[in-house]
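What follows is a single structure, written as structure tokens, with notes after it.
The values are calculated or read from the model by the stated rules, or taken from the named source; none is laboratory data. Just so you know, these numbers come straight off a predicted model, no measurement behind them. Here the Cβ positions follow ideal geometry from the backbone for every residue, glycine too, while neighbour counts run over all protein chains shown.
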Amino acid sequence: MPTLNPAPSSLGLFSPALGPWFETSSADATDLADLPPPNPDLSVTRQLPVGAIWNAPAAGTLSYLLATATRPPALVRLRAADGSPAFAEGALVLLFTLLPQVAERLGALSQALPRPDSTDAASGDQRTRPVITDFALEIPPGVIGSAPDLQNILPARNASDLRSVAAGLDAAERAAFVGLSGTATLSNADKPATILRRPETDARRLIENDSVSPINAKLWAFTRGGRAYDPGAVAAMWTRLAGTDWDNLWATDDAARQRTAGTMAQHTVLLVNAHQGPLETAVTDRLAGNLTGLTPVGTSDTLHVAAAGAAIALSAPGDANTDTVPIPLVAPLPAGPYAAPAAATPFAGWGDPDALGRDFQRIAITDVERHLTGLSRVANSAQADPRRRVSAARNTADPLFLPTADAVATEVMARFADTSATVDFIAPELDRDYGPQTPATLSPGDPFAAEFDDPAATAHSLRGSGQQAGAAVSDQTVVLRFDPTLPPGAWLRAWPHGRDTADGRRFRMTGGAALADAAGSALLLLPLRDGEAGATFSYDLMVTTAEGSRLLTDRRADRPAVVDATPADVASLGALTLYCAETATQPAPGTGAIAPGQSLIAVEGDISAGNFTAVDITSLRASDLGPSLPNRADTADRIITNDPAFTQTTAGDLAPAQAPGGPERVHEAGFHTGATAQEILDFAAYDTTGNRGVIGGVAGRRIWHEAPPAALAHPGVNAAPEIHGEGLGIGGPAGDLLRLLMRERRVADIAEFVTLMGRPFTSATVPTDAGPWTAILETAAKGTHGNLLISLIPDTVEPGALWDNADPANPGIKQRIDNALSGLPGGLTVDGLIDSATFDDDIASAAFDRLLHKNRKGVQGFARAAFAAVERAEDLVWLQTPALDGEVWADPDGDIRFLEALTDRLTANPALHVVLILPARHLPDRNARVDEVRRFAIQGALETLKATAEDRVAWITPTGGPGRDFHMSATTLFVDDAVMFTGAAHAGRRGLVFDAALTGAVFDERLAFGRPRAVIEARRTLAGAMLGVAPGLVPLSGPDLVAALKVQASGGGFGRSAPATYTPGPDTTPGPDREVWNPSASSGTDWVAFLATLGGDLATDVQNGTR
């Protein structure tokens, strides 16, 4: 056998060395009877005869706990096979928790064991076995009920062991000694004991039955997630590791004691859903009578004994349109992958002669469609109608998850650059030269070295910047020239100080950024607050390298004079030379070396002369820029935009009309009619030729770039409000879904929609290898989506009509559209618009019905999918969103009550933990009243969550740098790392049912740690960015993550978060303000009529604040 190196015996407390679990007595070291097969709850019956001993199986800590009705924190995460709390109420539980390093080492070693699901060895970092973290011995209620009873089970190996020490204590002290309280009746103390126990040492015994009769106990084992696991299987696994696979894993050289526990042979299977919770009824109904070689354990319908030839199948649906499990997938956990039942082989390994005789595995079964959309094909529902169904499809995009705003921009530009691309692109607030910016690479260097204590800087005039009237100066930007007193290659971020006119306090303005060159010098453009000519201004400076970051505060300089000049034109610089502050280079015009948003200075002569001129950014040409709209979008493409909903929001500077050689433009003339105060947050790019696209929760601004961590003010990109955005790549069959949605968004009028609505296309080939699935979920208020056409269709028309029906009493869709066209100029007809040779009536009918349904009822795709996912939540809900509230939207198709769903699930599942990432702001330049209502709503939501489960909910607000607000344009929800939602629909009421947005739902057939790989990798990436740590350092489990965030908050955020941003408390927003600024234009509400009833200041605010 191979030898472990380093030897376990050399690792001390980190040693994974194994010892015997049971002994007959202190005088008889032989094992007890073999562990029987598991009970329906996945415990194993374990009788402890008088004198019997339970030893530490590996190094860990022992705690004594009572399973009270409200479980103590140490027990609350531990669950039986069916997901209910483990242990009988009132039982005494001896909980043995492996030391973390021990559990992880044994978990890693276990990956080499024979697998239940395959004869292939684990590859790379593939997990084929879960990490076992806990054992528990459950003693029935009433057996050990008092402190004297407790004395009879304490271990007594020698005079220093627990029983001997406790003997010298009175009854109350004895209970307290092991972390309990009481004398005649025991109860849990405030904090349990954690008593170190290690195998084959004097401190190895966990229990020694010195009572007068046997104890009929239950033995449990639990995984890192707190799920029950067959203890007999653990014994067999560890016996194999130490007895066959490695020659130095036993904790003793005594061959008679080299064992774990004897076991009876059995292969046991637990069927679970994708969250590793109970199967949905729809699935169990279809499994009934279709499980081959699987015998239920007791009365369980999910725990089974597997025999040779075991297989899983589902009964065939009677009707595909009412199939409640239309896309079933099966996966062995934790290895995976998911596959269709007919192709899945979760028992393949157990047929091998080398298989373990005692083994256990979980097998997940899920329906992808419901998993991603939250909708079932219930008879008479929209989901049961193939025309209106929200579908899920395989997604072949690579990259799939786009974790930053610049990752999204990069993929958008890649779609424009694809060969023969014809791209439709819709975005809120789009600038002319939108595109990505590659962050500068930070050089090594210690910013705290003495030679960098006082970077020397001089403030110079930037000619052509600022205005002066008398002594008053406004809109002035200056140049800070740093001498070679900086770490070479360091990143600089400077924040001039503004002053809040309400309270007189200074605050950090957006400022400027720059990269130090190889000599340690830099030029930085610094916009100043309006002030007095020649006055001293102050600023803070952050110097960041790959080794750390240093903040230098309250630096002073005199404001240089305003020099009137014409900003430099990039196309005709003459004797001037361009300098880019963020790259510390002199980019030549026409070489594509300037990224959108970078700061440019026109330099005359040598830099040391200090002759600097502003650059007219609008003079940048397509050839000057890196990948961006001017050099990627052409006449084959189309860009769709709308004006912002609120007057405070600056519109993008992309011209509303098509430029020569540029993409077609549709601006404020599209097919949809936005409601007053409705934000159109749809962001999507789709190449109809390559069937690839992008959706996201971002805006297309030239200066908004992102380079995590935000706590360091996005080092490597230009200075701007610190904003986070993200998105998804879309490809393959999922591209077909986006194609249909973009047909509705790209068109300028009814006639164009008619020409597209029935156009056939070749569906993408479905991949045969395992990979991600995606559903694209829409959100929009009633009466907006496709309103240009649907407003002309009688209210009595329902989905489901024939395409062509000349019967006047029941006209077809074609006739309805012809009637609508007849009222418009041009004499248009459907037949006159379409090419009958390339027109499919079925596709056209489906397009019409989808549009009709979404317009009449609104669409709440993210809300309904998120609501259903939260209802299934087992372990962790991670929600990052700029909005969250307790408002309820009543609807005949099911109420939208997201916060209530969250609190209900927290109450029903005491093992569930919730993490909220709440930015200080949504995006810059938003409506002040909307933001105020949003903030108070979050405050009220946190109060509700705190009252529900304060110890299991944590929230943080990342910073955008010292004293800077962090903004977030995307909402992302992870539920148990089993499903992910990301997009522009937010978790406040207006985001769930009113504003227009697209959200992507993601599932992956490939697994990591038993979870969909793409989902868990995305969550850890985002968590690392939000928390300011490496993704690998993000805790995997809900309890560990919540605990870590609470520690961070208690320490003031440690510079990574701002805990005081939101304080739980009542939402004091008046009702009318909530209805206006956080609206829910439901199918039973006429939004226009409601706004007409407003009066006073509220009516004025709406009139002045909305477009």
Next on the checklist: Within segment 852-859, does at least one residue satisfy the condition of being at positive phi and surrounded by 22 or more Cβ atoms within 10 Å (Cβ to Cβ)?
Outcome noted: yes
Checklist entry - Is it the case that segment 18-25 has a residue that's surrounded by fewer than 24 Cβ atoms within 10 Å (Cβ to Cβ), closer than 30 Å to D951 by Cα, modelled with pLDDT of 95 or more and assigned by TED's automatic domain parsing to the domain that holds K191? => result no
Next on the checklist: Tell me whether segment 578-593 contains one or more residues that are outside the structural domain of T410 (by TED's automatic domain parsing), among the hydrophobic types (A, V, I, L, M, F, W, C), farther than 17 Å from G489 by Cα and surrounded by 22 or more Cβ atoms within 10 Å (Cβ to Cβ).
Outcome noted: no
Checklist entry - In this structure, does A56 turn out to be touching a Lys or Arg at 6+ places or on another chain (Cβ under 7 Å), hydrophobic (A, V, I, L, M, F, W, C) and over 17 Å from R197 (Cβ atoms)? => result no
Checklist entry - Do the conditions hold for R1011, that is, is it of a type in the set (K, R), closer than 27 Å to A869 by Cα and buried (at least 21 other Cβ atoms within 10 Å of the Cβ)? => result yes
Checklist entry - Does T553 count as in contact (Cβ under 8 Å) with a residue 60 or more places away in the chain and of a type in the set (S, T, N, Q)? => result no
Next on the checklist: Quick check on A713: is it closer than 30 Å to A490 by Cα, outside the structural domain of I896 (by TED's automatic domain parsing) and of a type outside the set (S, T, N, Q)?
Outcome noted: yes
Item to check | Which numbered condition S300 fails, given (1) within 22 Å of A228 (Cα to Cα); (2) at pLDDT 95 or above | outcome: (2)
Checklist entry - With respect to T239, is the statement that it is at negative phi, touching a Leu at 6+ places or on another chain (Cβ under 6 Å) and of a type in the set (S, T, Y) true? => result no
Next on the checklist: Looking only at residues that are in a loop (DSSP other than H, G, I, E, B) and either in the same structural domain as L906 (by TED's automatic domain parsing) or surrounded by 21 or more Cβ atoms within 10 Å (Cβ to Cβ) (or both) in segment 66-91, which one is farthest from the chain's Cα centre (by Cα)?
Outcome noted: A91
Checklist entry - Pick from segment 97-126 the residues that are assigned to a loop (DSSP other than H, G, I, E, B) and polar (S, T, N, Q): which of them is nearest to V269 (Cα to Cα)? => result S118
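So that you can scan it fast, the table gives a plain yes or no per residue for (1) farther than 18 Å from G725 by Cβ; (2) at pLDDT below 95; (3) touching a helix residue (DSSP H, G or I) at 6+ places or on another chain (Cβ under 7 Å):
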residue: T982; (1), (2), (3): no, no, no
residue: H986; (1), (2), (3): no, no, no
residue: G991; (1), (2), (3): no, no, no
residue: F1003; (1), (2), (3): yes, no, yes
residue: P1012; (1), (2), (3): yes, no, no
residue: A1018; (1), (2), (3): no, no, no
residue: G1032; (1), (2), (3): yes, yes, no
residue: G1051; (1), (2), (3): yes, yes, no
residue: G1055; (1), (2), (3): yes, yes, yes
Next on the checklist: With over 32 Å from the mean Cα position of the chain (by Cα), more than 30 Å from P296 (Cα to Cα) and part of a strand (DSSP E or B) as the only criterion, which of L94, L62 stands out?
Outcome noted: L62
Checklist entry - Quick one: in segment 875-892, which of the residues that are touching a helix residue (DSSP H, G or I) at 6+ places or on another chain (Cβ under 7 Å) and under 30 Å from A379 (Cβ atoms) is surrounded by the fewest Cβ atoms within 10 Å (Cβ to Cβ)? => result V888
Checklist entry - Within segment 114-137, restricting attention to residues that are of a type in the set (A, V, I, L, M, F, W, C) and in the same structural domain as F22 (by TED's automatic domain parsing), which residue is farthest from Q47 (Cα to Cα)? => result V131
Item to check | D530 being assigned by TED's automatic domain parsing to the domain that holds T585 and under 22 Å from Q437 (Cα atoms) | outcome: no
Checklist entry - For segment 601-630, which residues satisfy the criterion of being out of contact with any Gly (no Cβ under 7 Å at 6 or more places or on another chain) and closer than 30 Å to G690 by Cβ? => result L620, R621, A622, P630
Checklist entry - For residues in segment 459-510 being loosely packed, with under 14 Cβ neighbours inside 10 Å and hydroxyl-bearing (S, T, Y), which is farthest from V603 (Cα to Cα)? => result T501
Next on the checklist: I'd like to check which strands (runs of 3 or more DSSP E) are fully inside segment 577-645 and have at least 2 residues that are more than 25 Å from V666 (Cα to Cα).
Outcome noted: 600-604, 612-614
Checklist entry - How many residues does segment 160-169 contain that are in contact (Cβ under 8 Å) with a residue 12 or more places away in the chain and surrounded by fewer than 16 Cβ atoms within 10 Å (Cβ to Cβ)? => result 3
Checklist outcome for this item: Of (1) at pLDDT 95 or above; (2) at positive phi, G124 fails just (1)
Item to check | helices (runs of 4 or more DSSP H) wholly inside segment 1032-1107 that include at least 2 residues being exposed (fewer than 12 other Cβ atoms within 10 Å of the Cβ) | outcome: 1038-1050, 1087-1092, 1096-1105
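Residue-by-condition table, conditions (1) touching a residue at least 60 places away in the same chain (Cβ under 8 Å); (2) in a loop (DSSP other than H, G, I, E, B); (3) not charged (D, E, K, R):
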| residue | (1), (2), (3) |
| --- | --- |
| D807 | no, yes, no |
| H853 | yes, no, yes |
| A869 | yes, no, yes |
| E874 | yes, yes, no |
| W878 | yes, no, yes |
Item to check | Test for D931: is it surrounded by fewer than 19 Cβ atoms within 10 Å (Cβ to Cβ) and either in contact (Cβ under 8 Å) with a residue 40 or more places away in the chain or in contact with a Lys or Arg (Cβ under 8 Å, 6 or more places away or on another chain) (or both) | outcome: yes
Next on the checklist: Being over 24 Å from A339 (Cβ atoms), surrounded by fewer than 24 Cβ atoms within 10 Å (Cβ to Cβ) and acidic (D, E) is the filter here; which residues of segment 355-410 pass it?
Outcome noted: D385
Next on the checklist: Just to check your reading of the model, which residue among D904, D931 is more than 22 Å from the chain's Cα centre (by Cα) and outside the structural domain of E429 (by TED's automatic domain parsing)?
Outcome noted: D931
Checklist entry - Condition test on V914, is it in a strand (DSSP E or B), in contact (Cβ under 8 Å) with a residue 60 or more places away in the chain and assigned by TED's automatic domain parsing to the domain that holds D965? => result yes
Next on the checklist: Residues that are within 28 Å of L551 (Cβ to Cβ), of a type in the set (S, T, Y) and touching a residue at least 60 places away in the same chain (Cβ under 8 Å): does segment 415-427 have at least one?
Outcome noted: no
Next on the checklist: Please count how many residues of segment 327-354 are part of a loop (DSSP other than H, G, I, E, B), surrounded by 17 or more Cβ atoms within 10 Å (Cβ to Cβ) and either touching a residue at least 60 places away in the same chain (Cβ under 8 Å) or under 26 Å from the mean Cα position of the chain (by Cα) (or both).
Outcome noted: 8
